[in-house]
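Here's the structure we're looking at; comments come further down.
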Amino acid sequence: MEPSDLPGLALIRLLGPEEALGFIRSSNTTNPGVEQEMTEVLQDSGTPRWDGLAAALERWRPRLADLAPERDLATVDRLGGRLLVPEDPQWPQGLADLELAAPIALWCRGTAPAIPAQERCIAVVGSRDSTSYGANVTAEITHSLVQRGYTVVSGGAYGIDANAHRGALSATAGGTPAGPGTPQPATIAVMAGGVDRFYPSGNDELLRTIAGRGLVVAEVPPGTNPTRYRFLQRNRLIAALCQVTVVVEARWRSGALNTARHAEMLSRMVGAVPGSVYSANSAGCHRLLRDGAAICVTDAADVAELAGGAGENLGTEQPVEAALYDGLGTSDLLLLDALPLRTATTLEKLCVVAGLSPATVLSGLGRLESLGLAQPGSGGWKRKGQ
């Protein structure tokens, strides 16, 4: 689908596929009024004037001969899949936020009964040429997210996408997340081509596993080849299906940043995992953080906090052992530093070393003794052994 095709999707929704196809078939030199009639239909629905209508009709008309919906339905049925349309109860409601850019249907292949609600889906995306650091972080985050009852959504590509799917699958037992709540697929792969052609071929086994234990989804019919443009179009679906999009590793101009931008435009939360400042694979993540487009996340707890409502899924503070000087005022710190460790010293000497008055030193020694930091000795005071 080209950007100028978006009003065409609105036309199909308004008229239905058959009447829309009738418009296209009759749009030729012998029927010049069709373009005007289609324009009026779109304008009546609130869609602005479509200057690219004539060019779009020229693109669409040659494709009509190749349309074979019955064949496509038979193919997906043979694979154990199904076609979802917006009228189905299982249709993901989050796709409505795409408005004119929403798909008119989704081809699904897999064993999961439905795509989970947006609130239970988290996208994890990143560089195709991931590092070992990115692979490990991705596996840890996705494994833990599935254990918390979330579904991990990614694009089935090499690198971070593949590690996200594998990490999610490793947390399942019998294809069902180990976490609380209603059973749902551990992971969903959103494809740029048809669900009958797993791409890339190196991930064929992984994608078959996802189809056997989760879902493989595409907006294009079976038999469609993936193209560079379709990968970018696919990214908007990943962002719309999920409550949070997490970028683990991304180069300065990575396609994963495209997914993050879609999520930002849809008012979804975006998280980015920081990496080494020397790593080109993390430059895109640092760019998102610098621009304020993403929030820094380091583990599944941070991601789950973003996915929850206000006050939900709050992470617990890590326990920190109290330091020696915690809670001491300035004068007590000066006095503690002036106390010798081995031999006791006099009050007068402490006043000189600490630079404090005798009254301040006396009151401070009392406080330090009560805290177990100072003790009296023969001829004066010293620090209590630690």
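Here are a few things to note about the model shown:
- Heavy atoms of residue 71 accessible to a 1.4 Å probe, total area in Å² rounded to 10: 140 Å²
- Per-residue HN-Hα couplings for segment 66-78 [Karplus 6.51, -1.76, 1.60; θ = phi - 60°; Hz; x = Gly/Pro]: 8, 5, 8, x, 5, 5, 5, 5, 5, 5, 5, 5, 5
- Taking Cβ atoms as reference points and 11 Å as the exclusive limit, the residues near residue 110 contribute a net charge of +4, counting Lys and Arg as +1 and Asp and Glu as -1.
- Of 364, 327, 340, farthest towards positive along the dipole that unit charges on Lys, Arg, Asp, Glu beta carbons give segment 324-386: 340
- Counting only heavy atoms of the protein chains and using a 1.4 Å probe, residue 87 has close to 150 Å² of accessible surface.
- Stretch gain in nm, segment residue 278-residue 227, where the contour uses 0.36 nm per residue and the Cα spacing is subtracted: 15.2 nm
- Listed residues 133, 229 arranged by accessible area, highest first, probe 1.4 Å: 133, 229
- Between residue 156 and 190, the built amide H atoms are under 5 Å apart, and every one of these is 5 or more places off in sequence or on another chain.
- Applying the criteria of a DSSP loop state and at most 13 other Cβ atoms within 10 Å to the GluC sites (Glu not before Pro) of segment 228-316 yields 312.
- Using a probe of 1.4 Å, the accessible surface attributed to residue 370 totals some 90 Å² when neighbouring protein chains are kept in position.
- With a Förster radius of 35 Å applied to the C-beta separation of residue 158 and residue 291, the computed FRET efficiency comes to 0.85.
- Simple spin-label estimate for residue 96 and residue 325 in nanometres, 7 Å along Cα-Cβ: 5.8 nm
- ³J(HN,Hα), Karplus 6.51/-1.76/1.60, whole Hz, each residue of segment 364-377, x for Gly, Pro: x, 4, x, 5, 5, 5, 5, 8, x, 9, 9, 8, x, x
- Long-range HN-HN contacts of residue 295 with modeled amide H, under 5 Å: 270, 271, 272
- Ranking 350, 266 from most to least accessible surface, computed with a 1.4 Å probe over the protein chains only, gives 266, 350.
The values are calculated or read from the model by the stated rules, or taken from the named source; none is laboratory data. If you're wondering where the values come from, they're calculated on a predicted model, not measured in any experiment. Cβ: placed from backbone, ideal geometry, glycine included. Neighbour counts: every protein chain shown. Heads up: the accessible areas ignore ligands, DNA and RNA and are worked out on the full protein's heavy atoms, side chains in. Shrake-Rupley method; radii C 1.70, N 1.55, O 1.52, S 1.80 Å.
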